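Read the structure below first, then the notes.
Values quoted throughout were computed directly from the atomic coordinates according to the rules given, and no laboratory measurement underlies them. All of these numbers come straight from a predicted model, not from anything done at the bench. Cβ coordinates were reconstructed from backbone atoms using ideal geometry, including for glycine residues, and neighbour counts include every protein chain displayed.
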């Protein structure tokens, strides 16, 4: 296990060395920030002065063509030099911090840029895409029982998410001190919550709370911790010997437990064999009992069937006798009913004959009975003597025939 903290620093280098420093570091140290050397000078201004000098010669002397060509040549060289010096190339995965007159004005994304003014420059190139590994072995971390652990190695990865805040607020050199202090404080707080005998449980344990605490502390500097873990923990030598003794006792105890387990299994197997033998004997006896039970059930079932058959025969005889008696009673009732109906029909016929004879007698009596005669006269006229005489003559005739009833007016005289 490495015994040295990872070191973070910033370097000053030319544009051609920036890639190597950001990817490989410098002398085993991490370099997330490189300050590029400004390669732009004022040589192009000398060329401009020469172009102006030859332009003046072309205007004031007789060497007009030669001086003009020289002025154009130096002017062209000055412009090419100025164009070449203004090109700034930011590598992919990095961000350039741009400043003007020393004040930070913004950032430059990856790609080619042009800084035409001499007072515009790139103060720093920051690696913003790489997750930078950082290893921090902490020595003499006390546990909950105040036993100092030999060392705890803490490993984390961080990434610069805000290059302007990182460069302006803290810088790489100061960030190394802040990060190492924050990591040591977090590790010591974690070890204080762990018992010494469970110190090895810190290996690969969940350190999400430590990562969140570090993010809260380092977020103001534009840095975010993306991963962390505890790869190794070493106990003090004396405690390791104590643990070795405990492990030896634990191994002996484990061996004794395995031997006892084998003995227990052997005894259990013997008991299980006896139980299986007893179960087989019991099953055989159960089969015999079931066979006897089935035989008894068959005998009882046969006896019950015989009794049910006899009872059914008696029931059928009783029902047949009852049906016969019921049929005889019903026939006798039907005969009586029919006799009553015939009596009733004969009585109705006699009553009809009697009524018909009564009508015949009544008709005969009505034929021989005197018939009333109603004479109607006109309303409002008095009976005359002539009508009375005629009526007296007709009455004997009418009463002699006894068949008609005279209705109408008497003729006037």
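Net length available on complete extension from residue 52 to residue 145 is 25.1 nm, with 0.36 nm assigned per residue and the Cα-Cα distance removed. Listing 181, 6 from fewest to most neighbouring C-beta atoms within 10 Å gives 181, 6.
Label reach from residue 201 (point 7 Å along Cα→C-beta): in segment 130-148, amide nitrogens under 15 Å belong to 143-145. Sorting the segments 199-207, 104-112 by their residues' average number of neighbouring beta-carbon atoms within 10 angstrom, most packed first, yields 199-207, 104-112. By the count of other C-beta atoms within 10 Å, a proxy for reagent exposure, 210, 57 are ordered fewest to most as 57, 210.
By the count of neighbouring beta-carbon atoms within 10 Å, fewest first, 132, 187 end up ordered 132, 187. Measuring from centroid to centroid over Cα atoms, what is the spacing of segment 173-215 and segment 341-363 in Å? Between the Cα centres of segment 173-215 and segment 341-363 lies a distance of 135 Å. The relative contact order of segment 8-126, computed from alpha carbon pairs under 8 Å that lie at least 6 residues apart in sequence, is 23 percent. Remark: the residue 72-residue 280 segment gains 62.9 nm on full extension, using 0.36 nm per residue and subtracting the alpha carbon distance. Site pair residue 20 and residue 303 shows an inter-label distance of 11.6 nm when each label is modelled 7 Å from Cα along Cα→Cβ. With a Förster radius of 22 Å applied to the C-beta separation of residue 161 and residue 29, the computed FRET efficiency comes to 0.50. Put simply, segment 8-126 fits an ellipsoid with semi-axes of 40, 13, 11 Å; these come from the alpha carbon gyration tensor as the roots of five times its eigenvalues, largest first. Taking 0.36 nm per residue of separation and subtracting the Cα-Cα distance, full extension of the segment from residue 181 to residue 83 would add 30.6 nm.
Give me the mean projected area, in nm² to one decimal, of the convex hull enclosing the Cα positions of segment 260-325. Over all viewing directions, segment 260-325 projects a mean Cα-hull area of 6.7 nm².
A Förster radius of 41 Å combined with the Cβ-Cβ distance from residue 344 to residue 390 puts the calculated FRET efficiency at roughly 0.10.
With the simple spin-label model, which puts each label point 7 Å out from Cα in the Cβ direction, the residue 169 to residue 363 separation comes to 14.4 nm.
Summarising the label geometry, the points placed 7 Å from Cα in the beta-carbon direction at residue 352 and residue 332 lie 3.4 nm from one another.
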